[in-house]
Amino acid sequence: MRDETSEDRFFRELGGACSELRQAFARHVGMSAHRVQLLVRLWREGETSHSDLRQALGLEGASITRLVKELESEGLAGRRLDPADNRYTLAALTPAGEQAAADLERSHQAYQERLLDGVATQEQEIVLRVLRRVRANITGQETHDQ
C-alpha cells in the first residue's frame, strides 16, 4: 500500500470541502440544494428558460419542471410560454419568490461569514490564488491534451 502524497491529501480535502459546502447551506435552511440554486438563479438572472436552467444547474428537464412547478404551487414562481418561441417555457419569480430569494441570500451571506470565522482575509486570498492556479492548470492541461 502506498503512502498518501501531499497532492492526494490536498485534493481529498478540497473535494471533501466542496462536497460538504454544496449540501451544508441547503441543510441549514431546510431545503434541497437544487431548490436553493434554482431560487437564487432566478433571482439573479430574472426570467429564464427551463432549458437554460437545466444547463446551468446540470439537471434533467423533468427535474427542472418539477422544481419550478413546486415553486409555482407555493406562489414563489410563475411560468409562461416564450413569446418568441412557444416550444420553450420561461420561469420567473413572483414578488413573494423574490422576497424568499432575497431572504435566502442574506441568510447565505451570514452563513458564509460564520464558516469563515477565524480565517483571516490574507489566508482567504492565499486559498483563492491557489484555486485560481489549479483551475488555470486544468484549462491548460485540457488545451494541451486536445
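When a/c is below 1.5 the answer is rounded, else prolate if a/b is larger than b/c, else oblate, so apply that to segment 43-92 with a ≥ b ≥ c taken from the square roots of the Cα gyration tensor eigenvalues.
Verdict is rounded for segment 43-92.
Rounded to the nearest 0.05, what FRET efficiency do ALA84 and LEU115 give with R0 = 35 Å and r taken as the Cβ-Cβ distance? Could you check?
Computed FRET efficiency for ALA84 and LEU115 comes out at 0.25.
Once you have the alpha carbon radius of gyration of segment 18-115, what is it after dividing by 2.2 N^0.38 Å, with N set to its residue count?
This ratio for segment 18-115 stands at 1.09.
Tilt of helix 121-145 relative to the longest C-alpha principal axis of the chain, in degrees (0 to 90, nearest 10)?
90
With n ≥ 4 as the cut-off for DSSP H runs, can you work out [θ] at 222 nm for the chain, using -39500 (n - 2.57) per run divided by the number of residues, rounded to the nearest 500?
Details: 6 runs with 104 residues, N = 146.
It comes out at -24000 deg cm²/dmol, rounded to the nearest 500.
Residues with amide H under 5 Å of SER49's amide H, sequence separation 5 or more or different chain, H placed in the peptide plane at 1.01 Å from N; which?
Excluding prolines and chain starts, which carry no amide H, the hits are ALA91.
Apply the Karplus parameterisation 6.51 cos²θ - 1.76 cosθ + 1.60, with θ equal to phi minus 60°, to every residue of segment 55-64 and state each ³J(HN,Hα) to the nearest whole Hz, in sequence, with x for glycine and proline.
Result, rounded to whole Hz: 5, 5, 9, x, 10, 6, x, 4, 5, 4.
Once the Cβ-Cβ distance between ALA102 and VAL134 is put in as r, and R0 is 30 Å, what FRET efficiency do you end up with, to the nearest 0.05? The partial results should precede the final answer.
Working: r = 33 Å, r/R0 = 1.10.
Once the sixth-power term is evaluated, E becomes 0.35.
Helix 33-45 against the longest principal axis of the chain: what's the angle in degrees, Cα atoms only, rounded to the nearest 10?
70
Between ALA24 and THR94, what is 0.36 nm times their sequence separation minus the Cα-Cα distance? Round to one decimal in nm.
Working it through step by step, the gained length comes to 22.6 nm.
Values in this text are rule-based calculations from the coordinates and carry no lab data. Computed from a prediction, not measured in an experiment: that's the story for all the values here. Positions of Cβ are backbone-derived with ideal geometry, glycine not excepted, and every protein chain shown enters the neighbour counts.
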